[in-house]
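Visitor: Quick one: this structure, given as structure tokens, is what I'll be asking you about.
The values are calculated or read from the model by the stated rules, or taken from the named source; none is laboratory data. Note that the coordinates shown come from a computational prediction; the quantities given were computed from them, not determined experimentally. Quick reminder, even Gly has a Cβ in these numbers, built from the backbone with ideal geometry, and neighbours come from all protein chains shown. Accessible surface areas use protein heavy atoms only, side chains included; no ligands, DNA or RNA. Shrake-Rupley method; radii C 1.70, N 1.55, O 1.52, S 1.80 Å.
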Amino acid sequence: MEVLVFEDYDAASAQAARLVETQVLENGQSVLGLATGSTPLGLYKALIEGFKTRGVSYKNVRTINLDEYIGLAKDHPESYHTFMSKRLFKHIDISLENTYIPDGMTHSPEEECQRYEAVIDNVGPMDLQILGIGTNGHIGFNEPGTDPTSLTHVVELVHSTRASNSRFFPSLDEVPTHAVTTGIQSIFKSRKIILLASGKNKAAAVAQLLSKEISADFPASFLWNHPDVTLIVDKDAYALVQTEGQ
Ligand code: PGA
């Protein structure tokens, strides 16, 4: 795992954007694995800027998102479909038919998981996967205890995840209880992975990750077993890492 530490969130986001743009400029038909949440917002802003000012095109790029809440319609204000549309897709030249996100309104979540894993295999694998990290070490919605061999599956969200995401909903009760998420093994199909973390509230998670202890109790730690992971953090998120000599 390569670790890159930047002064602040904007600098970390700019570096992530440089890596994504390099991938897209090298191969205009790249498959990008995308994440939602607060963390990648700066990255997406920088990619929009790159499209508008430097003409980086996403015309033939395909994207595969990590997860979606079960029970939210695509046009629900807090669905990840809406998030991706508002925060990235409608501002760049990507074709919406080249963007993949699990269907949270499926009648059969189990079938949707199988369908989505087939998307990863047939459209993907992802050339470059963007990940955030939960304070409990989750990646995608792979909560502590997730099997490292997991493919796309239905997950019951733990209380801390629902509480954290309730900031976007009128109340905690309205945060969905379940989601479809790509699994650890699905994420591992990616050729390259960029893990992003910023801010003091991620400092303990980053320190835990960099202790290199691999455990299902902290799913992001499985990333130590992937051959090409770059962790991009700002100083606040790196603050609790014990470096040699300290
Ligand atoms: P955040 O979420 O980017 O909103 O902090 C990250 C995550 O929970 O994976």
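Visitor: Which residue, 117, 49, 143, tops the fluctuation ranking in a GNM of the chain built on C-alpha contacts under 10 Å?
Guide: Fluctuation is largest for 49.
Visitor: So, one more: Can you run the Rg to Rh ratio on the chain? Use alpha carbon positions and the Kirkwood inverse-distance Rh.
Guide: 0.94
Visitor: Can you pull the percent of the chain's accessible area that's carbon plus sulfur, 1.4 Å probe, other chains left in place?
Guide: The computed percentage sits at 49.
Visitor: So if R0 is 45 Å, what FRET efficiency would residue 114 and residue 201 give, r being the distance between their Cβ atoms, rounded to the nearest 0.05?
Guide: 0.80
Visitor: For 45, 202, write out the residues from largest to smallest accessible area, computed with a 1.4 angstrom probe and no ligands counted.
Guide: 45, 202
Visitor: Note down the nm distance, to one decimal, between modelled labels 7 Å out along Cα→Cβ at residue 4 and at residue 174.
Guide: For residue 4 paired with residue 174, the spin-label model returns 3.8 nm.
Visitor: While we're on this one: How much of the DSSP bridge set in the chain is antiparallel, in percent, rounded to the nearest 5?
Guide: Just about 30 percent of them are antiparallel.
Visitor: Now for a different question. Just the number please: accessible area per residue for the range 9-143, 1.4 Å probe, all protein chains included, in Å².
Guide: Averaged over the residues of the range 9-143, the accessible area is 42 Å².
Visitor: Under the rule of -39500 (n - 2.57) per DSSP H run of 4 or more residues, summed and divided by the residues of the chain, what mean residue ellipticity at 222 nm is obtained, to the nearest 500 deg cm²/dmol?
Guide: Value at 222 nm, helices only, nearest 500: -9000 deg cm²/dmol.
Visitor: Further question: If contacts are Cα pairs under 8 angstrom and at least 6 residues apart, what is the relative contact order of the range 1-104 in percent?
Guide: 28 percent
Visitor: Let me ask something else about it. Distance from a point 7 Å along Cα→Cβ of residue 121 to each backbone N in the range 29-71: keep the residues under 20 Å and list them by number.
Guide: Counting only backbone N, you get 31-33, 63-67.
Visitor: From the cross-link list 74/235; 45/200; 45/202; 86/212; 45/189; 74/200, which pairs have alpha carbons spaced over 29 Å apart?
Guide: 74/235; 86/212; 74/200
Visitor: Moving on to the next point. Please give the solvent-accessible surface of residue 162 in Å², to the nearest 10, using a probe radius of 1.4 Å with every protein chain present.
Guide: Around 40 Å² of this residue is reachable by solvent.
Visitor: If you count only protein heavy atoms with a 1.4 Å probe, what accessible area per residue comes out for the range 187-246, rounded to a whole Å²?
Guide: 49 Å²
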